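Read-outs throughout are calculated quantities, based only on the coordinates presented, and are distinct from any laboratory measurement. Predicted model, so just to flag it, every value in this text is computed and none were measured. Glycine also receives a Cβ, built like all others from the backbone with ideal geometry; neighbour counts cover every protein chain displayed.
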């Protein structure tokens, strides 16, 4: 699919479905930020393939997208730690709903420990889950995007890719790597019609943050409300980020009108990182 100007209806208004005819692949797409991104892209008219580990959860969201938003949707399963399986899942996604125009790399996760207690397995798993999976999926979709002359790759990084946090050294290293990868690909692909950007959420109201709260409770004895307040206090607005706010930024970067936005690391964090 080649680049076009934003479509307009007969009244001269912008098309309310600017991604109609595009196919988006969202990894880690069954819940949290990934699910919010899938809904936002489908709301803009894109057909969506959801990639994740749990078929039942993926299928439930697929049914919702088809029923409520009227788009085509599909699912593919893979463990993001298995690079070969991940690449094969991307190929199945392209075969299912057609060439992938939009890739949202949302897979990620973290564990918490002092640096001296981080063993080699934890380190390598953090890099595989957060960084290698992002590279593998991007590499898999680029040839077809180049041939089409249009593409959008959005990597969900983190404020941990823009600053340091204590006790999550592997996660910070991996997310800094995602930012570096984003910038390198943006320059390499700048003349191909493909844009590559990162969105960097602060602590968001997701399962991963709830796991962090549980970890704080277990290690400090504080209750859940106090632990959540500690994380929210990192945001100058004093709150956790809603996944829909992250999805709105992702959806914007995927629009035809965002063709000049590339190589950016867009913080969605209430001013935590400026």
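Observations on the model:
- Angle between the chain longest axis and helix 207-220 axis [Cα atoms, degrees, rounded to 10]: 0
- The order of 37, 254, going from fewest to most other C-beta atoms within 10 Å of their C-beta, is 254, 37.
- Tilt relative to the chain, helix 83-97 - C-alpha long axis, 0 to 90 degrees, to 10: 30
- The chain: relative contact order in percent, alpha carbon pairs under 8 Å with at least 6 residues between: 19
- Computed over the chain with a Gaussian network model linking Cα atoms closer than 10 Å, the most mobile of 182, 49, 192 is 192.
- Orientation-averaged projection of segment 1-129 equals 9.8 nm² [convex hull of Cα atoms, one quarter of hull surface area].
- Folded to 0 to 90 degrees: helix 133-148 orientation relative to the chain principal axis, Cα: 10
- Three semi-axes of the equivalent ellipsoid, the chain, Cα gyration tensor, whole Å, largest first: 31, 20, 19
- Label point distance in nm, residue 72-residue 144, each placed 7 Å from Cα along Cα→Cβ: 1.1
- Inter-site label distance for residue 184 and residue 84 at 7 Å from Cα along Cβ, in nm: 2.4
- In segment 133-213, the alpha-carbon atoms span a convex hull of 94 Å³ per residue.
- The length gained on full extension between residue 234 and residue 135, counted as 0.36 nm times the residue separation minus their Cα-Cα distance, comes to 32.7 nm.
- Computed lengthening from residue 258 to residue 95, 0.36 nm per intervening residue step minus Cα-Cα distance: 56.0 nm
- Whole-percent pair-distance distribution, where bins are 5 Å wide, for the alpha carbons of segment 15-80: 4, 22, 34, 24, 11, 4, 1, 0
- Estimated FRET transfer efficiency (residue 223, residue 54; beta-carbon r; R0 25 Å; 0.05): 0.25
- Descending by average beta-carbon neighbour count within 10 Å, the peptides 91-102, 225-236 line up as 91-102, 225-236, the highest first.
- Taking packing as the residue-averaged number of other Cβ atoms within 10 angstrom, the listed peptides 38-48, 125-135 run from highest to lowest as 38-48, 125-135.
- When all alpha carbon pairs of segment 101-242 are counted in 5 Å bins from zero, the resulting P(r) reads 2, 10, 17, 19, 17, 13, 9, 6, 4, 2, 0, 0 %.
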